[in-house]
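These notes are about the structure you will find just below.
Derivation of every value follows stated rules applied to the coordinates shown; laboratory data play no part. Computed from a predicted structure; not experimentally measured. As a convention, Cβ positions derive from the backbone with ideal geometry for all residues, glycine included, and neighbour counts pool all protein chains shown.
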Amino acid sequence: DVVMTQSPLSLPVTLGQPASISCRSSQSLVHSDGNTYLNWFQQRPGQSPRRLIYKVSNRDSGVPDRFSGSGSGTDFTLKITRVEAEDVGVYYCMQGTHWPKGFGQGTKVEIK
Amino acid sequence: EVQLVESGGGLVQPGGSLRLSCAASGFTFSSYSMNWVRQAPGKGLEWVSYISSSTSTIYYADSVKGRFTISRDNAKNSLYLQMNSLRGEDTAVYYCARTSYMDVWGKGTTVTVSS
């Protein structure tokens, strides 16, 4: 199975400052169809997960443009340009290229 | 509005059974594959099972294979998860999520396995 490893697992950030979360996979996430199925999800406290980014760098509808995704192969990053209070929560990467699908352990973003 | 609403959770004894449902609305359910994903208390997300739109393709996580059965009724816009031989480690919030790439999630239903 593909193992997804996120770092850091805890990320205290000052409001208005940038934040960056790394996600590494144990195998390349390039699918035979040429796409890379790496998604990012946000889970605010007490809420269900919400997809932010699909196929590495595509923002879902309604997602603020301060969120961006990048990467390729086995190495991916979620960046928040300026953290706002509503960004507090746990962020998960998920690979959809290989079965079984797998999530990273989650990165908890909190305000300093 | 696109919506997924899970139901059927509850308290069950180890070895017992439970059937979860996920009611879909606001989109053409029969055109979309679906997943069940769970989250144990204080833990991360774990993919559980997948079913294609036509039910021709089904996958399970090793942790539930042989005990859980995913199904759907496209006429009723509903997804199901039959859970048998439940264990303590199955205690979790169970979410249904649309498509292989999980673009829409429900609010979840809580399953507690305890004597």
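With the condition being surrounded by 13 or more Cβ atoms within 10 Å (Cβ to Cβ) and among the β-branched types (Val, Ile, Thr), I'd like the strands (runs of 3 or more DSSP E) fully within region B:1-93 carrying at least 2 qualifying residues. Reasoning before the result, please.
Numbers: elements: B:3-7, B:10-12, B:18-25, B:34-39, B:45-51, B:58-60, B:68-73, B:78-83.
Here the list reads B:45-51, B:68-73.
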- Task: Please tell me if A:ARG24 is under 28 Å from B:ALA40 (Cα atoms) and touching an Asp or Glu at 6+ places or on another chain (Cβ under 6 Å).
- Result: yes
- Residues in region A:104-111: is at least one more than 9 Å from every other protein chain (Cβ to nearest Cβ), buried (at least 16 other Cβ atoms within 10 Å of the Cβ), of a type in the set (Ser, Thr, Tyr) and touching a Leu at 6+ places or on another chain (Cβ under 6 Å)? yes
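State the number of residues belonging to region A:27-37 that are within 13 Å of another protein chain (Cβ to nearest Cβ) and part of a loop (DSSP other than H, G, I, E, B).
Start the filter on region A:27-37 by keeping residues that are within 13 Å of another protein chain (Cβ to nearest Cβ), which leaves A:29, A:31, A:33, A:35-37.
Remaining after also requiring part of a loop (DSSP other than H, G, I, E, B): A:29, A:31, A:33, A:35, A:37.
Matching residues across region A:27-37 total 5.
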- Query: Would you pick out the residues in region B:7-53 that are among the aromatic types (Phe, Trp, Tyr) and closer than 25 Å to A:CYS93 by Cβ?
  - Reply: B:TYR32, B:TRP36, B:TRP47, B:TYR50
- Among the residues of region B:99-114, which ones are at the interface with chain A (Cβ under 8 Å from one of its Cβ atoms), buried (at least 17 other Cβ atoms within 10 Å of the Cβ) and within 12 Å of the chain's Cα centre (by Cα)? B:TRP105, B:GLY106, B:GLY108
- Residue hits (region B:59-98; touching a Phe, Trp or Tyr at 6+ places or on another chain (Cβ under 7 Å) and within 14 Å of another protein chain (Cβ to nearest Cβ)) are B:TYR59, B:TYR60, B:ALA61, B:PHE68, B:ILE70, B:TYR94, B:TYR95, B:CYS96, B:ALA97, B:ARG98
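Let me confirm something: among A:ARG66, A:ARG24, A:ARG59, A:ARG50, which residue is among the charged types (D, E, K, R), away from chain B (no Cβ under 11 Å) and either crowded, with 19+ Cβ neighbours inside 10 Å or under 28 Å from B:ASP62 (Cα atoms) (or both)? Give the derivation first.
Numbers: A:ARG66 fails: either crowded, with 19+ Cβ neighbours inside 10 Å or under 28 Å from B:ASP62 (Cα atoms) (or both); A:ARG59 fails: either crowded, with 19+ Cβ neighbours inside 10 Å or under 28 Å from B:ASP62 (Cα atoms) (or both); A:ARG50 fails: away from chain B (no Cβ under 11 Å).
The conditions single out A:ARG24.
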- In region A:38-80, which residues are touching a Phe, Trp or Tyr at 6+ places or on another chain (Cβ under 8 Å) and assigned to a loop (DSSP other than H, G, I, E, B)? A:SER48, A:PRO49, A:LYS55, A:VAL56, A:ASP60
